[in-house]
C-alpha cells in the first residue's frame, strides 16, 4: 500500500482512453485467434497426458531410486501442467472459442481436489471481478492472512507465516476449502444450508477420487513398490502445491501492488476496471519455460486485463501492455520469481504484526477523480 | 478411477482416435478436385461407423481456423466400397467457411468428427421400373451416391449447372451414358437459362410415370413440388433440401443460456444457434437447416419462433427446439 495514489495524475478522459487502447489490444488478439493457437493447446494437453502416463509407468518400479526420482519429477511436472497451463486457463474459457467439447470450460475437470465448477465461481466470478478490493476479494490473504495494511489486524494473524506455509503444502485443499467458503459456512446456522451441503458433498467426492487414485490404486498397482509410489505421488502433489502457491502469491501480494476500498469501485467504468487490474497485479519475469510452468500466470497483469484470451498470447500482449504502462506513467510491477516470492513472504511476516505507524488511508480514487 | 478426473478414453484417443468405442471420427485420406470449386473428400471412418444407405448425408465436424464447425454433406460413395472408405463431395459456396476449407485447404491426415449417416432421401427396397433424377448444382451429390450404388433398367437424369465445366462428375456421367446405363440431359443455365419445369414434358415425356428424386436449390424444388402435385403424382417425387427456406421473422428478445450463465440480446431473424455460438456457448449443431436434429436443446422459458413457418413454440417441461431454425420470440431461456 502506498500513501499516494499512483494513478492520481490521470484524468477521467485519460483513463477511458487507456480502456479503449486495451480494448483494441484485446480485439486484435481475438481477431487473430486460429489454427496455430488450437494446435498449441492440443499439443500441450497431449504432452501432459503422455508425460503423466510415462511417469506413472516408471513409478510402478519406484522401488529403484532412479525410477523414483525420474517418475516423481515427471509426475510433478505433469500435475503442474494440468493445473496451470491447462486447467486454470481452460476453466477461464480461454479455449471455448474452439467449440471443442473436449477442451471447454463447461466440461473440463482437473487434477485437483476442488471441483472445477466451484473453483470457476470463486475464482472467475469473484476474484477476477473484485480483484484486490478489500472485503470483496477473498484472494487477499485467502481469509487467513493479512496482506495489506488496510486489512484489520487480529491476534490470529500472528501465526500467519505458519498458516501460509501449511497452506502452501496443502494448497489444493486450501483452495477447496476456500471455494466452499468454509470459514463462513462452518457456523452452525449455515452448516445445514442444503446448497452448502451439496457443494461440500461434491468436494468430498472429488477428494475421495483423487486420494483413491494417487494414494491407493496407483501404489497398489506398483506391487512391491507400494510404499515408494505412495511417497512419490505425495511428493508430486506437494511439489505441485508449493509451486502453484508460490506463483499465485506473486500475482497480488508483492510490494508495489495496490488494494482498493469497497466504495472505490462503485460505478466503476470499463477504463477504471482495467486500471484496477493493472495496479492490482504483479508479473514474474523469466524464460519461456518459466512462463509455461506458471501457466503464463507470470503474465498476471495481462491475465487480469484479459482473463479469457488464450494463454499462449500473453507474452506478445505483454509487450503492448507494458508500453501502455509507460505511456500513462504507471508502475509495472515485475521481477524474477525468487525476488517476488521473497517480497510476498516478507509482507506476510511484516503484516503478522499490527501496523507500526498511524494508519494511512488507501487513496480514494473516486474523490481524486472528482478533484481532478 | 485409475485415470480420474480424465477417462481412459482420453488417453486412448492419443494413440487410436478411430478405434471401436471412441467418439466417432474419421481421417481425411485424400482430396480429389472435381471442378473449379468442388472436391471429393475420401474419409476413413472410425470403427464405430455403421454404414450408410445411398442418398444419405453425414454430419461432419471440421476445425476451421481452430474453430469446430459442423455441417452436413451427402455421401457420394457407393455403400459397398471394398476399402471401407466413404466420400463426400463438397462445393465451395461464397463465404462458406467449411465448404471453402474442405475444397481448398483440407489436408490428408486430418482428423474430423463424424456422426452416423442419416437422411430419408434414399432408394426404396423395391426397385422402381423407371427412374428420374432431377438435380442442379451440388444437388447432384446424393444422386451420385445412388447412381454409383444401384443400377436400374431405365434411368433418366436432368441436371442443371451454369456451364459444362461446372458439372460435377461430368466424365463419370458421360461414361455411364456411353455404357447405356443412363440417359442424361445437361441444362447449362448460363446459356440456356434456368430450367423451366414445364419443359420436362419435352425432355422426359414419361416423367409422370417415373419415381423421381430431386435435389437442388429451393426454386427448383418448389417448382417441382408444385408441378408434381398439379399432376396428382406427388407421391412419386422425393426431394432433398440443402438450405432452409426462411420466411418469417419477428421481434427478438433477451436470450439466456442458463447452463453457461450468459444472457445476450438477439433479434428475431438470427437463429439461436448462431446467437449462442457468437456468445461462446457450446452449442450442438448439425445441418443448420432444420433437418438433422443435431442441435435440439431444451427450451426452459419463454418462446421461440420457427423461422421456416413462423410457428411459435412456448416453453414447457420437455420441449426441445431446433436452434438452427428457431429465433427468439421475446425473452427466452435455453438450457445450454
Discussion item. Explain nothing, just the number: relative contact order of region B:250-334, from Cα pairs under 8 Å at least 6 residues apart, as a whole percent.
Written reply: 39
Response to the item:
In cubic angstrom per residue, the convex hull of the protein assembly as shown built on its Cα atoms measures 203
Item to complete: Between residue A:342 and residue B:191, with labels modelled 7 Å along Cα→Cβ, what's the label distance in nm to one decimal, could you check?
Response: 8.5
Worksheet item: Along the three principal axes, how long is chain B when you take its alpha carbons, biggest first, rounded to the nearest angstrom?
Response: 61, 49, 37
Worksheet item: Taking neighbour Cβ counts within 10 Å as the exposure measure, how do B:324, A:169 sort from fewest upward?
Response: A:169, B:324
Worksheet item: Per residue and in cubic angstrom, what volume does the convex hull of the Cα atoms of region B:1-96 have?
Response: 128
Item to complete: Mind pulling up the Rg/Rh value for region B:291-336? Radius of gyration and Kirkwood radius, both on Cα.
Response: 0.92
Practice prompt. Report the relative contact order of region B:130-240, percent, no decimals, based on alpha-carbon pairs under 8 angstrom and at least 6 residues apart.
Written response: 32
Worksheet item: What angle do you read, to the nearest 10 degrees and between 0 and 90, between the alpha-carbon axis of helix A:226-252 and the longest principal axis of chain A?
Response: 10
Discussion item. Below 8 Å between Cα atoms, with a sequence gap of 6+, how large is the relative contact order for chain B in percent?
Written reply: 13
Fill in: log₁₀ of I(q)/I(0) at q = 0.15, 0.19, 0.23 Å⁻¹ - region B:150-265, Debye sum with one point per alpha carbon
-0.76, -1.14, -1.54
Worksheet item: Using the scaling law 2.2 N^0.38 Å as the reference, what is the normalised Cα Rg of region A:14-73?
Response: 2.06
Worksheet item: With Rg and the Kirkwood Rh both taken from Cα atoms, where does Rg over Rh land for chain A?
Response: 0.98
Worksheet, complete the sentence: Note to self: C-alpha centroids of region A:1-54 and region B:161-228 sit apart, in Å, by 55
Worksheet item: Rounded to the nearest 500, what is the protein assembly as shown's calculated 222 nm mean residue ellipticity when only DSSP H runs of at least 4 contribute -39500 (n - 2.57) each, over all residues?
Response: -11000 deg cm²/dmol
Practice prompt. Subtract the Cα-Cα distance of residue B:234 and residue B:29 from 0.36 nm times their separation in residues, and report this length gain in nm to one decimal.
Written response: 69.7 nm
Worksheet entry | For region B:250-334: rounded, prolate or oblate by the Cα gyration tensor [a/c cutoff 1.5] | rounded
Item to complete: Starting from the Cα of residue B:311, step 7 Å along the direction of its Cβ; do the same at residue B:226; then give the gap between the two resulting points in nm.
Response: 2.3
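All of the numbers you see were taken from the coordinates with simple rules; none came from a lab. Bear in mind the structure is a predicted one, so any value in this text is a computation, not a measurement. When we count neighbours, we look across all protein chains shown, and the Cβ atoms used for this are built from the backbone with ideal geometry, even at glycine.
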